Amino acid sequence: MRVLIVEDEAKLARLIRTGLEERGFAVDVAGTGEDALWMAGSTPYEAIVLDVMLPGIDGFETCRRLREDEVWTPIVMLTARDAIADRVGGLDGGADDYLTKPFAFPELEARLRALARRGGEPRPAVLRADGLALDPASRTVERDGEPIQLSPTEFAMLEAFMRRPGIVLSRLHLLELVWDNAYENRSNVVDVYVRYLRAKIDEPFGTDSIETIRGAGYRLRAGA
Ligand code: CA
């Protein structure tokens, strides 16, 4: 399998390249995030190893721009030991996994293989459908750039819809996705929250993103 290593420290980059090549990988190296962007955009790598600390745009920004360019190649971020903020930032920015430096080679190899199995399906960090954008990391929602304030339950319900655009969700399915098992009052809570949600995401904008499907449930309109 062919992988891209993004690391500015030449010695470490060489070490990783040699190690992976000995294990049968085909390896290209980029020294900067900018180089990584065009290389990953033009070559179908099966995985990318991306260092956080890079000159110019750093690993987080590189990752974010790759996803923005709809490059969905699985990414392992290399982070400093114990830097929780690095790991959180990387995963929220669209990375799939992380490894702290220094790492053991067999672990990098195993993670690359696991990621390659998963493949490069689109999995955007920010969810978009029918003019709406929802960012699970910053917990923000916008329609056409205008911020919308939602309660935690409204947010959870919209996220459930936005992960399944165009799919009809039954009331029972929505209950399972948004409320925990301890929730007792199940009679019409889904309908109530759909109403709350429509009052915030649709009515002020003259849109109807959430459709009622008679006898089946609700559906969020697909499309940009
Ligand atoms: Ca570095």
| said: Within the stretch 1-61, considering only strands (runs of 3 or more DSSP E) that don't extend past its boundaries, which have at least 3 residues that are open to solvent by 10 Å² or more (accessible area, probe 1.4 Å)? | reply: 26-30
| Quick check: anything in the stretch 116-137 surrounded by 13 or more Cβ atoms within 10 Å (Cβ to Cβ), touching a strand residue (DSSP E or B) at 6+ places or on another chain (Cβ under 8 Å) and under 23 Å from Leu20 (Cα atoms)? | yes
| query | Restricting the stretch 186-199 to residues that are open to solvent by 70 Å² or more (accessible area, probe 1.4 Å) and under 29 Å from the mean Cα position of the chain (by Cα), which is nearest to Thr153 (Cα to Cα)? | reply | Tyr196
| query | Which of the residues belonging to the stretch 15-46 are within 13 Å of the ligand (Cβ to nearest atom) and over 15 Å from Gly59 (Cα atoms)? | reply | Leu15, Ile16
| Within the stretch 13-29, is there a residue that is in contact (Cβ under 8 Å) with a residue 60 or more places away in the chain, in contact with a Pro (Cβ under 6 Å, 6 or more places away or on another chain) and among the small types (Gly, Ala, Ser)? | no
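Kindly indicate the residue of the stretch 70-105 that is part of a helix (DSSP H, G or I) and under 17 Å from Leu12 (Cβ atoms) and also modelled with the lowest pLDDT among those meeting that condition.
My answer is Asp86.
The values are calculated or read from the model by the stated rules, or taken from the named source; none is laboratory data. Just so we're clear, the structure is a prediction, and the values are computed from it rather than from any experiment. Counting neighbours? That spans all protein chains shown, and the Cβs are built from the backbone with ideal geometry, glycine included. Quick note on the areas: whole protein, heavy atoms, side chains included, nothing else; ligands and nucleic acids left out. Shrake-Rupley method; radii C 1.70, N 1.55, O 1.52, S 1.80 Å.
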